Each structure stands twice: as structure tokens, then as C-alpha cells.
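Visitor: Attaching a single structure in C-alpha cells format; questions to follow.
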Amino acid sequence: MHARKRGKSGSKRPISKVTPLWFKLTPEEVESLVVKLAKEGYPPSVIGVILRDQYAVPLVKTVTGKTVLQILRENDIAPPIPEDLANLMERARRMKLHLKRFKSDRYNRHRLQLVESKIRRLVKYYKREGVLPQNWEPPVLAE
């Protein structure tokens, strides 16, 4: 968003929206794997990568008809704060720790401002969508 330096490289999702014929797990088995991995402490994005790499699940949604986050919400183990917002808040926290040690790091100060503006935009979006309560404030920006 704030940088025009990086390209579009990255892994691509499967083209087909239909479960492949070679896939043998049932939807219930995939859901139980998702719940098991979540109870081990993995976030939703890592759960998808583990299922892809270790269990050969092409897409959880094509197999079960639900996303990883929907499965976690059904089992009441969804994270309280969306993962992207939590990652940005952790990044801002680390940047503030860095700025306490190196007060004259202007580059980091500017990057922190950009991260905090991303956090504000995401919070506004999640409040509008009803994911976060209207009175929720990010603890990183309150300092």
C-alpha cells in the first residue's frame, strides 16, 4: 500500500473450485484437523499452509464448504482480533520498542506512522463490518 517496490510474486491458489478426485479426506476429517491445529495455537493462515503442505488439502473451502475462520467460529476458538490486525499491532509494538532505544531513527518513525494509519483503517473497516465492537480501541495507538 505504501510502497511501490515489491512485485506480485507468491503462491497461486488452485484454479478449480471443485475438490480433486485424488483427494481422499472427508470434510469432517478436514474440520477436525483445523480444530486440532487451532488448539495447538496456530493462527488461521498457518493452518491453511500446514493443511496444504502436510495433508495435501488444496483448499479448505472447496472441501468443507466453509473457510478456516468459519470452522473456528463454529467451534468457539476463533481469535478475538483478526489476524491481519493483530500482526500490524505487533509490528507497531516492536517499532515503538525500537524507537525507545534509537530516538533519532527518523525512517522508523515514518514507517511507524504508516503502520499506525493502516491499523486505523483496518479498525474502521472491522467496526463497520461488525467484527469488532464499536467502542474497541487498538491498544498500540492508545500509548
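Please treat every number below as a calculation from the coordinates, not as lab data. What you see is a predicted model, and the numbers here were worked out from it, not measured in a lab. A quick note on method: Cβ atoms are made from the backbone with ideal geometry, for glycine too, and the neighbour counts reach across all protein chains shown.
Visitor: Any idea what angle helix 83-101 forms with the longest principal axis of the chain, computed on alpha-carbon atoms, 0 to 90 degrees, nearest 10?
Guide: So the helix axis and the longest Cα principal axis differ by about 30 degrees.
Visitor: Can I ask one more? Rounding to the nearest 10 and keeping the result within 0 to 90°, find how far the Cα-based axis of helix 106-129 lies from the longest principal axis of the chain.
Guide: Its long axis makes an angle of about 50 degrees.
Visitor: While we're looking at this one, here's another question. Quick one: order LYS127, LYS66, LYS8 by neighbouring beta-carbon count within 10 Å, fewest to most.
Guide: So the residues, fewest neighbours to most, are LYS8, LYS127, LYS66.
Visitor: Could you work out how far helix 27-39 tilts from the main Cα principal axis of the chain, as a 0 to 90 degree angle to the nearest 10?
Guide: 30 degrees
Visitor: Filter the GluC sites (Glu not before Pro) in the range 1-109 to those in DSSP coil with at most 13 other Cβ atoms within 10 Å of their Cβ, and list the result.
Guide: GLU40
Visitor: Report the residue, chosen from SER11, SER104, SER117, that carries the largest GNM mean-square fluctuation when the chain is represented by alpha-carbon nodes joined by springs under 10 Å.
Guide: SER11
Visitor: Let me ask another. With +1 on the Cβ of every Lys and Arg and -1 on the Cβ of every Asp and Glu, and nothing else charged, how large is the dipole of the chain about its Cα centre, in debye rounded to the nearest 20?
Guide: 1180 debye
Visitor: Further question: To the nearest 20 debye, what charge dipole does the range 27-74 have about its Cα centre, counting +1 at the Cβ of each Lys and Arg and -1 at the Cβ of each Asp and Glu? Before the final figure, lay out each step's value.
Guide: Working: 6 positive and 6 negative charges, 31 e Å.
With only Lys, Arg, Asp and Glu charged at Cβ, the dipole is about 140 debye.
Visitor: Sticking with this one: Which one of TYR125, TYR42, TYR107 has the biggest mean-square fluctuation once the chain is modelled by GNM with Cα springs under 10 Å?
Guide: Of TYR125, TYR42, TYR107, the Gaussian network model singles out TYR107 as fluctuating most.
Visitor: Grab every C-alpha pair in the range 8-128, bin the distances at 10 angstrom width from 0 up to the longest one, and report whole percents.
Guide: Histogramming the range 8-128 at 10 Å steps yields 11, 32, 28, 19, 8, 2 percent.
Visitor: For the chain, what's the relative contact order in percent, using C-alpha pairs closer than 8 Å and at least 6 residues apart? If you can, show how the numbers build up before the last one.
Guide: Numbers: 82 pairs, mean separation 27.6, N = 143.
19 percent.
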